[in-house]
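Right, one structure below, let's go through it.
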Amino acid sequence: MRLFSRHLLVSLLTGFCLLAPGFIFSQQLSEEPVGGMDENAEVEASKAMPAVSGSLPASLDYYPLNAYYRSWDTLCVRRYSEPMSSIQDSIRIPLVSENTGSFVFPRSGQLLSPFGYRGRRVHAGVDIKLDLYDSVSSAFDGIVRMAKYYAGYGNCVVVRHYNGLETLYGHLSKIKVRVNQEVKAGDLIGLGGRTGRASCTHLHFETRFKGMAFNPKQLIDFENHSLISDTLVITNRTFGRSRDYMPGNNDLLASNEKAGTYKKTGKTGSKASSAGKKYHTIKNGDTLYALSRKYNTSVKQICALNGIKPTKVLKLGSRLRVR
């Protein structure tokens, strides 16, 4: 009787997951098993793989890309012949240009779970809500480096991009590309699923440089599904692992001003004056977070300047001081 009751309880819970996916998403993803998305687990998985000595595709064998990467591993997420070392100087990565291509958000959907530590494990990317078999696109132009089932990632695709970054797409139900295939931003690379160690259907999305994962929010505005800037400046402070880690605003401001990419009005290549006050007139769709990203400040600082709380409802046409 006790065994029957246990089976009945499992059946009821399984049925509830199917009938109420929104509730299960919010409950389970907050405690989602990290599996192959954990950095330490990924290192252990790579040790069991045979050595690979594939040569770089010709379209990736040019400077400075071939200075960042000299190996082409089609079996592991982040096994390289040239391990990441300390960055002495900032590295300027042009995200979109005539040479590197454009950007497309991989899958429109709610951001479910952030980058960073989950207890003692490191969640190396972000989780984006999608439905089973939803299309998933490549974020930038590049070449598929890995396309296979891989540990806790499940069906997984890694693309090395012409701008020097790599992106990873995990838990796919189906992979629609092959290794060494050239892809453009927006090209279909797979279908949404929950393969591997995933609590519910979602896309696990990572951004990496020379194998090291960093918070995708450093280059992508997840509310507007667009790039924050046309250029990413990478330093040692890029790779923090605290939950939803972002480098200090002063670090971002200094690095982007040095690269000439600090955004004053949403256009790259212009520099904002550090003197004087700055105000923004609220338009449809504006949020405190979006304004903090646009003006390279923080929600806390905007609230302090205006004497408001983070929960403040922004009124259309009103003005907020952002500096």
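Scanning for something modelled with pLDDT of 85 or more, surrounded by fewer than 13 Cβ atoms within 10 Å (Cβ to Cβ) and within 17 Å of the chain's Cα centre (by Cα), does region 229-239 turn up at least one residue?
Checked against the condition, which is being modelled with pLDDT of 85 or more, surrounded by fewer than 13 Cβ atoms within 10 Å (Cβ to Cβ) and within 17 Å of the chain's Cα centre (by Cα), region 229-239 yields no hits at all.
Regarding region 66-74, can at least one residue be identified that is assigned by TED's automatic domain parsing to the domain that holds ASN215 and under 15 Å from ALA198 (Cβ atoms)? Quick ask: steps written out before the conclusion?
If we filter region 66-74 for residues that are assigned by TED's automatic domain parsing to the domain that holds ASN215, which is where we start, we get 66-74.
Okay, now just the ones that are also under 15 Å from ALA198 (Cβ atoms), so none.
No; the residues of region 66-74 include none that is assigned by TED's automatic domain parsing to the domain that holds ASN215 and under 15 Å from ALA198 (Cβ atoms).
Report yes if some residue within region 136-147 is surrounded by fewer than 24 Cβ atoms within 10 Å (Cβ to Cβ), under 17 Å from the mean Cα position of the chain (by Cα) and farther than 24 Å from ILE234 by Cα; otherwise report no.
Yes, region 136-147 contains a residue that is surrounded by fewer than 24 Cβ atoms within 10 Å (Cβ to Cβ), under 17 Å from the mean Cα position of the chain (by Cα) and farther than 24 Å from ILE234 by Cα.
With the requirement that a residue be farther than 23 Å from SER229 by Cβ, touching a residue at least 24 places away in the same chain (Cβ under 8 Å) and part of a loop (DSSP other than H, G, I, E, B), what does region 285-323 give you?
LYS312, LEU314, LYS315, LEU316, GLY317, SER318
Out of the residues in region 152-195 meeting the condition of being without any contact (Cβ under 8 Å) to a residue 40 or more places away in the chain and within 15 Å of the chain's Cα centre (by Cα), tell me which one is farthest from ALA213 (Cα to Cα). Before the answer, list the steps.
Initially, region 152-195 is screened for residues without any contact (Cβ under 8 Å) to a residue 40 or more places away in the chain, giving 157, 159, 171-172, 175-178, 181.
In the following step, the residues that additionally are within 15 Å of the chain's Cα centre (by Cα) were identified as 157, 159, 171.
Working: VAL157: 15, VAL159: 14, HIS171: 17 Å.
It comes out as HIS171.
Looking only at residues in region 78-125 that are among the small types (Gly, Ala, Ser), out of contact with any helix residue (DSSP H, G or I) (no Cβ under 9 Å at 6 or more places or on another chain) and under 28 Å from HIS202 (Cα atoms), which one is modelled with the lowest pLDDT?
Among them, the one singled out is GLY119.
Scan region 199-221 residue by residue and report those that are in contact with a Pro (Cβ under 8 Å, 6 or more places away or on another chain), crowded, with 21+ Cβ neighbours inside 10 Å and either hydrophobic (A, V, I, L, M, F, W, C) or free of Cβ contacts under 8 Å to residues at least 12 places away in the same chain (or both).
LEU203, PHE205
Tell me which of these LEU172 doesn't satisfy, since it passes every other one: (1) surrounded by 24 or more Cβ atoms within 10 Å (Cβ to Cβ); (2) closer than 24 Å to ILE91 by Cβ.
(2)
Could you figure out which of (1) modelled with pLDDT of 90 or more; (2) surrounded by 21 or more Cβ atoms within 10 Å (Cβ to Cβ) isn't true of ARG194?
With respect to (1) modelled with pLDDT of 90 or more; (2) surrounded by 21 or more Cβ atoms within 10 Å (Cβ to Cβ), ARG194 is out only on (2).
The values are calculated or read from the model by the stated rules, or taken from the named source; none is laboratory data. None of these values were measured; they are calculated from a predicted model. Here Cβ is always computed from backbone atoms with ideal geometry, including for glycine, and neighbour counts include all displayed protein chains.
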